Amino acid sequence: MAFSVVLVAFCTMTSCKDDDVPDVAWPEWPVVSAPEVVTATLKPAAGSGAEIVAGSSVRFQAHITDSDNEVRRATLTVTVGGNEIVSEQFRLTGGDADVEHTFTVPFVSGMDGDVYPAVTLDVVNSLHKTASVTLTEAQNVLVKRPVLGDEVYLVTSGGDVYELPRSADNRYSAEVKAPYFESYKIAAKLTADRKIDYSSIVWGLVDGQVAVVTDASAAGIPSDVNPAAIIKKMNFDAVSFRTVLDLAVVFGGAELQPSSYNGYQEATLSLASGQTYTVTGIGGLATAVDPNFFESVSDSEVKFVGLDGAYTLYYNLSKSRLYIEQRGATYPAALWISGMGLGFPQPPYSLDVDWSGNGWNWTVDVHQRSFCKKTADGVFEALLYISRSINLKIFQQCGWGSEFQSYNFTTSPENILVDGIEPSDGHKTGDFATGPAFTEGVYLLRLDFNRMTIEIIRR
């Protein structure tokens, strides 16, 4: 390092100039500058004015300058009602550049009224310096929401037409009794022969999303209901473009009604052992019912395999699970199991009962407990999906208190379910825990209170 410094110093003092080597001028550093969007506007593509109806065309125009460098790229982004309708990139050259783009502003979801599109132009020059501008209302065009009539029409894939009167601003609904249909479109108008009028607004399916379509070739919106279902109400939101088909869940001729449990429908009815019942409105019926009480007969029929009696059926709309219990009954007529790490004994298996959320809450969710099937005096069966980590407890009623303690039972085989132990002091909790021979899965527990035994059968 010292030698190098000396050399440099020596060369400096003696000029170190070789007359045979010509002088070379250093290139000049570029002048740093940033692009500027001088003007930018969005106006109707045809005519004058400052507003359009959704579905009309508009023209974007902008002039960009840069005093010392070339403008290289511009990106135009336009959103309406939270929907991105334009994302275009333009290659540019020179210090002055113009951007022009004509496009249609569609009628999209999220337009609860008249709106100004969110219009942004981002510009980059040759030095990667940027400029960005978002149009003000004065530079923009007001997009007016189309005015809909007092009713719209749900037209099924089979050509059936259901009128949906206006129930509130931009919302339409009708009480109906409709059989299954595979798909449908929503039309603002019909032709004289009650066909879809595509000259007006029609909702169908575009790239998997509900959107306004322009001709009969467009796909219909899937109904997403099981073929055995009976539709009892149709609801269409002309802001979100969402259709809700309320289904009538009917078990053995009795229609389930909204339950006090959120997200459930329920009905109380008398069930007879060995009787087959027709069920409509439940998709995937075979895996929706508790196999401890029902055997699947067909896509729309189940056989009851419990004891004769009055039972309450609870259908969870989001999980598509049908739960059953005699809520007001108590031991020795009834028995419940609750705890942590338990689930409904049908695929897809999940931990319905846990400490998370509303875990172990008897009053909020039906799925926080499991009703046992009585098979004889003092004998009950429970069919459960059980995970690795559990605390399982047996209750004499639908609620806390009057529990049976695990250490009062003999289990067979041993070491699958064992007494729970409190780690802090080693006392028995009265809960069942998983033993060394346990593996996750579905188990039938046969509880015999005459002998105080629990037979554990892997399913």
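The values are calculated or read from the model by the stated rules, or taken from the named source; none is laboratory data. Predicted model, so just to flag it, every value in this text is computed and none were measured. Cβ: placed from backbone, ideal geometry, glycine included. Neighbour counts: every protein chain shown.
Table for the structure above
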| quantity | calculated |
| --- | --- |
| Condition met for Ser67 (among the hydroxyl-bearing types (Ser, Thr, Tyr), assigned to a loop (DSSP other than H, G, I, E, B) and more than 20 Å from Pro35 (Cα to Cα)) | no |
| Selection within the range 241-284 - assigned to a loop (DSSP other than H, G, I, E, B), modelled with pLDDT of 90 or more and surrounded by fewer than 14 Cβ atoms within 10 Å (Cβ to Cβ) | Gly253, Ala272, Ser273, Gly274, Gln275 |
| Test: residue in the range 164-179 that is under 16 Å from Ser240 (Cα atoms) and acidic (Asp, Glu) | yes |
| Test: Tyr323 is in contact with an Asp or Glu (Cβ under 7 Å, 6 or more places away or on another chain), buried (at least 20 other Cβ atoms within 10 Å of the Cβ), modelled with pLDDT of 90 or more and more than 30 Å from Phe438 (Cα to Cα) | no |
| Test for Thr102: is it within 21 Å of Gln61 (Cα to Cα), of a type in the set (Ser, Thr, Tyr) and out of contact with any Gly (no Cβ under 9 Å at 6 or more places or on another chain) | yes |
| Residues satisfying the stated conditions in the range 54-64, i.e. surrounded by fewer than 17 Cβ atoms within 10 Å (Cβ to Cβ) and either part of a strand (DSSP E or B) or not assigned by TED's automatic domain parsing to the domain that holds Lys43 (or both) | Ser57, Arg59, Gln61, His63 |
| Leading residue by the ranking (farthest from Phe251 (Cα to Cα)) among those in the range 296-333 that are in a strand (DSSP E or B) and of a type in the set (D, E, K, R) | Glu325 |
| Index of the failed condition, Phe293 passing every other in (1) loosely packed, with under 15 Cβ neighbours inside 10 Å; (2) in contact (Cβ under 8 Å) with a residue 60 or more places away in the chain | (1) |
| Residue in the range 128-150 that is surrounded by the fewest Cβ atoms within 10 Å (Cβ to Cβ), counting only those that are under 11 Å from Ala238 (Cα atoms) and of a type outside the set (A, V, I, L, M) | Pro146 |
| Asp197, sole failed condition from (1) out of contact with any Leu (no Cβ under 6 Å at 6 or more places or on another chain); (2) surrounded by fewer than 16 Cβ atoms within 10 Å (Cβ to Cβ); (3) not polar (S, T, N, Q) | (1) |
| Complete set of residues in the range 164-221 that are within 19 Å of Ala238 (Cα to Cα), of a type in the set (D, E, K, R) and outside any loop (DSSP other than H, G, I, E, B) | Arg166, Arg171, Glu175, Lys185 |
| Within the range 66-102, tally of residues that are within 31 Å of the chain's Cα centre (by Cα) and on the phi > 0 side of the Ramachandran plot | 2 |
| Some residue of the range 220-234 being surrounded by 14 or more Cβ atoms within 10 Å (Cβ to Cβ) and free of Cβ contacts under 8 Å to residues at least 40 places away in the same chain | yes |
| Spans of strands (runs of 3 or more DSSP E) in the range 360-459 with at least 1 residues at positive phi, modelled with pLDDT of 90 or more and surrounded by 13 or more Cβ atoms within 10 Å (Cβ to Cβ) | 441-448 |
| Residue satisfying all of: in the range 230-262; under 20 Å from the mean Cα position of the chain (by Cα) and hydroxyl-bearing (Ser, Thr, Tyr); farthest from Leu313 (Cα to Cα) among these | Ser240 |
| Test result for Val143, in contact with an Asp or Glu (Cβ under 8 Å, 6 or more places away or on another chain) and either more than 23 Å from Asn170 (Cβ to Cβ) or outside any loop (DSSP other than H, G, I, E, B) (or both) | yes |
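Yes or no, residue by residue, for (1) crowded, with 16+ Cβ neighbours inside 10 Å; (2) outside the structural domain of Phe60 (by TED's automatic domain parsing); (3) out of contact with any Leu (no Cβ under 9 Å at 6 or more places or on another chain):
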{"residue": "His101", "(1), (2), (3)": "yes, no, no"}
{"residue": "Ser109", "(1), (2), (3)": "yes, no, yes"}
{"residue": "Thr156", "(1), (2), (3)": "yes, yes, yes"}
{"residue": "Gly159", "(1), (2), (3)": "no, yes, yes"}
{"residue": "Tyr162", "(1), (2), (3)": "yes, yes, no"}
{"residue": "Ala174", "(1), (2), (3)": "yes, yes, no"}
